[in-house]
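Reading through the structure tokens given below for one structure.
The values are calculated or read from the model by the stated rules, or taken from the named source; none is laboratory data. All figures in this text were calculated on a predicted structure; none of them were measured in a lab. Ideal geometry is used to build each Cβ from the backbone, glycine not excepted, and the neighbour counts take in all protein chains shown.
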Amino acid sequence: MPTTAQMLLDYPDILLHVLAELRNAFLDAADNRQQAIELLAAQITDPTSVQFAYQDVVDTFEPAQRAIEALLRENGEMIEAQFSREFGSVRQMGPAKLERESPWLAPESVAEVLYYYGLLGRGFKGLGRNAHAIVYIPSDVIPWLPQPQQEGMEAGLPLQPVPPPLPSRTMLADRSLLEDMGTLLGFVHTDELRLGQDAPHADDIGRFAERLQFPFTE
């Protein structure tokens, strides 16, 4: 697929200057046509420039987003007749007619909007009876455009079903905890419980453990 610089080779000088004006590019440093093409291509393929141009055309001409997405789904290239059925075509004019009519000021189709913003090129493919006109997005512009969402996929992360929570389990109560608590209270009440710095004395803990071995009696 052609690059922007290759696409601009077919632009007459007047369109180079129109494109530079629409995309806020500067050609003053160019000494000849080839330098102007290289300078313009370098500026309008800058990621920020591409994104600003995309947002500008989409905000002004809503169908432009669908047109770009349609091209991107076809790897950036479509047969012109197929594209023009939904998004129109680019009127072909020589330099004199371009200067006289200034079609970029009143584009008649989405195709013309994209063309005059440097987001759409025209070309030919095939030989003989297989030759046909195509439209395309320059290869060095495609990476900086929002990529269309694949059909059948919803935005965001894929959702995974979550199994329902397990039913709560209720532990059957028995008297062991109450008996141990009774033993503890009885031990504290009848025996001397010596405290160390942070915990009961080890000997007392041992005696309490022995007491737990005997069944609690009310």
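Here are a few things to note about the model shown:
- Every listed requirement among (1) surrounded by 14 or more Cβ atoms within 10 Å (Cβ to Cβ); (2) among the polar types (S, T, N, Q); (3) over 26 Å from Phe87 (Cα atoms) is met by Gln34 save one, (1).
- Condition met for Val90 (touching a strand residue (DSSP E or B) at 6+ places or on another chain (Cβ under 9 Å) and either crowded, with 18+ Cβ neighbours inside 10 Å or closer than 27 Å to Gln149 by Cβ (or both)): yes
- Unique residue being out of contact with any His (no Cβ under 8 Å at 6 or more places or on another chain) and farther than 20 Å from Pro146 by Cα when the list is Asp28, Asp56: Asp28
- Near pairs, Cβ below 7 angstrom, 6+ apart or cross-chain, from region 100-127 (free of Cβ contacts under 8 Å to residues at least 12 places away in the same chain) to any residue that is assigned to a loop (DSSP other than H, G, I, E, B): Glu101/Met93; Phe124/Ala131
- Between Gln92, Gln149, the distinction of being over 16 Å from Pro63 (Cβ atoms), out of contact with any Phe, Trp or Tyr (no Cβ under 9 Å at 6 or more places or on another chain) and not assigned by TED's automatic domain parsing to the domain that holds Gln43 belongs to Gln149 only.
- Matching residues, region 26-47, being in a loop (DSSP other than H, G, I, E, B) and within 18 Å of Ile142 (Cβ to Cβ): Thr45, Asp46
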